[in-house]
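Working notes for the structure below.
The values are calculated or read from the model by the stated rules, or taken from the named source; none is laboratory data. Keep in mind it's a predicted model, so treat the numbers as computed, not measured. Every residue, glycine as well, gets a Cβ built from its backbone with ideal geometry; the counts of neighbours run over all protein chains shown. Heads up: the accessible areas ignore ligands, DNA and RNA and are worked out on the full protein's heavy atoms, side chains in. Shrake-Rupley method; radii C 1.70, N 1.55, O 1.52, S 1.80 Å.
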Amino acid sequence: MRTLDRRGFLRHAAAASLALSAGRAFAQGSGDAEWAKLVAAANDEGKLVIIVAPNPLQRDFLLKQFKEDFPKIDLSISLISGSSFVPSVVTERAAGKYLWDVHLTGPNTGHLATKAGLFDPLMPEFVTAEAKDEQAFGGWNQAFYDEERKYVLSLVNDVETPTYNAKQIAPERAHAEGLKLLLDPAAKGKTVWFDPRVEGPGAPYMALIYRKLGADALWRIMVDQDPFFVRSQNEVAEALVRGKAVIGLMGNARGILKQYSEAGMEFDMRPLGNGPDAAYIGSGGSALAVFNRRPHPNAARIFVNWIMSKRVGFGLARAQGFDARRSDVPPLDPAMVPIPGGDYVYAQRSENNDLVRELLAEVRKRRPQ
C-alpha cells in the first residue's frame, strides 16, 4: 500500500477541493438551449431518487456536489446491499408504485434488475458531449457490463488485488508467486477476506482465483487454508494493521487503509500487483442505470450526464478512492492502472455474473460458518 507524503496529500486535497468548488458551473456551463430546457424541467420536478452502494464516501460526495450544482433538485439517496432490493421493487411495481429513478450501485444488483426488466437503455439519456464521448470511456462495449451492453454502465475502472503485509512477506516473493501466495502454508489462518458468502467486494475474488488458478486451487484456499471472513472493509483493514492477518481480500484497500495511516498508524501494506494474473477489474459499486417508468425522468437525465462528466468523475474518484473509467481523469496511483492488452477478469460483468453466483452457492455449502 503506497501512502502519500504530506505535500502529496495536500496536492490531492487541493485538487479535490477545486473540483468541489466548481459549484454551479456545471449547470451553467453545459451550455445549449436543450440543456437549459432540461434543467428547467428537472427543477420543476424538484426531486431525484437514487440507490447507491453502502459507501459513505460516495454518498457524501454526491449529496454535497449535486446540491451545489442543482440546488433546486432534492437528491434522495438510499444505500442498498444484497439481492433483496430487486424482488422488493418487483413487489412495489405489482402494487402500482414506481419509486426509483437511478441505479448507482454494484453490477450484481444491476444484472438482477436487468433480468427483471426494470431498466431503460441508458444511451438515450446522453445529452452532453462528455457523456457521449465513447473514447473517454474506453468504448461502450467495454464500459457496459450487461450482456446486451446497453443498460448497466460502469463509471469505475479499478484494479482490485489482494493486499499483503510487506513486513511479513518479502515483496520479491509476493511478486513472484502472485495469487499462489494464498496457497502458502504460512498463510493458513492468516488471510482475512471480506465475506465471500455474501454479495460484496469479497465475492469477485472467487471468480479471479477460479479463472486464473482453477477450481481445485480455489477450494483449497477457501477451505484448507482457513481464511477468516468478516463483514466490513474496516474489519479487513483492522486485521491487517493489527497483525491478525498477513493477506487481505477486500475492495478499495487504498481508500480504506488511508484513514489508518492518517491516524498515525505505521504499516507497510502493499497491493499484490496490477497485472491480470493478480488482479481483477472492478466497478467500485458504481454501475449506472436508469429505471423505466421513473418518477423524475428529467432529473434522472440531468444526473446521468452530470455524473459522467470529467469534473464530477475527478472529484468522485478522489473522494471515494476508486479510479474513474474516464481516460481523461488522472489515476489515483499510476502504478495501479490496468496493463494495456492484459487478459483481465472482469468479475462483475455479465459473462462472470453466473459464475460468481454459482461460487456463492458453493462456498456457503463448504464454509457454512
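Think of a 1.4 Å ball rolled over the protein heavy atoms: the range 196-241 then has 36 Å² of accessible area per residue. Put simply, the Cα atoms of the range 308-369 extend 45, 28, 22 Å along their principal axes, the longest span coming first.
Note on the chain: with neighbouring protein chains present and a 1.4 Å probe, carbon and sulfur make up 50 percent of its accessible heavy-atom surface. Once the Cβ-Cβ distance of residue 68 and residue 328 is raised to the sixth power relative to R0 = 22 Å, the FRET efficiency obtained is 0.50.
Can you tell me the orientation of helix 204-213 relative to the chain, as the angle in degrees between its alpha-carbon axis and the longest Cα principal axis, to the nearest 10? The answer is roughly 50 degrees.
Per the Debye formula on identical point scatterers at the alpha carbon atoms of the range 154-233, with no solvent, log10 I(q)/I(0) at q = 0.13, 0.18, 0.22, 0.24 Å⁻¹ is -0.41, -0.80, -1.18, -1.36.
For residue 345, the residues whose modelled amide H falls within less than 5 Å of its own, excluding neighbours fewer than 5 places apart on the same chain, are 281. Distance between the pseudo-spin-label points of residue 99 and residue 79 (7 Å out from Cα toward the beta carbon): 1.8 nm. As I understand it, the value is the acute angle between the Cα axis of helix 56-69 and the longest principal axis of the Cα atoms of the chain; what does it come to in degrees, rounded to 10? So the inclination is approximately 20 degrees. Step through the table entries 167/190; 188/244; 47/97; 132/310; 67/132; 47/72, compare each Cα-Cα distance with 18 Å, and write down the pairs that go over it. Violating the 18 Å limit, Cα to Cα: 67/132. When the range 236-369 is described by a simple charge dipole with +1 on each Lys and Arg Cβ and -1 on each Asp and Glu Cβ, the residue from 285, 269, 330 located farthest towards its positive end is 285. A cut-off of 5 Å between modelled amide H atoms, ignoring neighbours fewer than 5 places along the same chain, links residue 288 with 153, 154, 155. From the Cα gyration tensor of the range 43-110, with a ≥ b ≥ c the square roots of its eigenvalues, which class applies: rounded if a/c is under 1.5, or else prolate if a/b is larger than b/c, or else oblate? Judged from the Cα gyration tensor, the range 43-110 comes out oblate (a/c at least 1.5, b/c at or above a/b).
When the GluC sites (Glu not before Pro) in the range 77-148 are filtered for DSSP coil states and for at most 14 other beta-carbon atoms within 10 Å of their beta-carbon, the remaining sites are 134, 148. Assuming charge only on the beta carbon of Lys and Arg (+1) and of Asp and Glu (-1), the dipole of the chain about its Cα centre is about 640 debye to the nearest 20.
Radius of gyration (Cα atoms) of the range 72-121, expressed as a multiple of 2.2 N^0.38 Å: 1.16. Using the Cα coordinates of the chain, the gyration tensor eigenvalues translate into equivalent-ellipsoid semi-axes of 35, 24, 17 Å, sorted from longest to shortest.
3J(HN,Hα) along the range 324-334: 6, 5, 4, 6, 8, 9, x, x, 5, 9, x Hz, from the Karplus curve 6.51 cos²θ - 1.76 cosθ + 1.60 with θ = phi - 60°, whole Hz, x for Gly and Pro.
Simple rule: put +1 on each Lys or Arg Cβ and -1 on each Asp or Glu Cβ in the range 48-177, find the dipole, and look at 128, 79, 155; the Cα lying farthest toward the positive end is 79.
Dipole size of the range 45-101 about its Cα centre, with +1 on Lys/Arg Cβ and -1 on Asp/Glu Cβ: approximately 100 debye, rounded to the nearest 20.
For the range 191-300, the Kirkwood hydrodynamic radius comes to 15.8 Å, computed from all pairs of different C-alpha atoms. Sorting 220-226, 159-165 by average packing, meaning the other beta carbons within 10 Å per residue, from highest down gives 159-165, 220-226. Is the shape of the range 244-354 rounded, prolate or oblate, going by the alpha carbon gyration tensor and its root eigenvalues a ≥ b ≥ c, with a/c under 1.5 for rounded and a/b larger than b/c for prolate? Prolate. Helix 297-307 axis versus longest C-alpha principal axis of the chain: approximately 50°, rounded to the nearest ten. Based on C-alpha pairs under 8 angstrom that are at least 6 apart in sequence, the range 230-369 has a relative contact order of 25 percent.
Distance from the C-alpha centroid of the range 67-104 to that of the range 290-351: 19 Å, rounded to the whole angstrom. Every Cα-Cα pair of the range 90-241 was included, and the share exceeding 18 Å stands at 69 percent.
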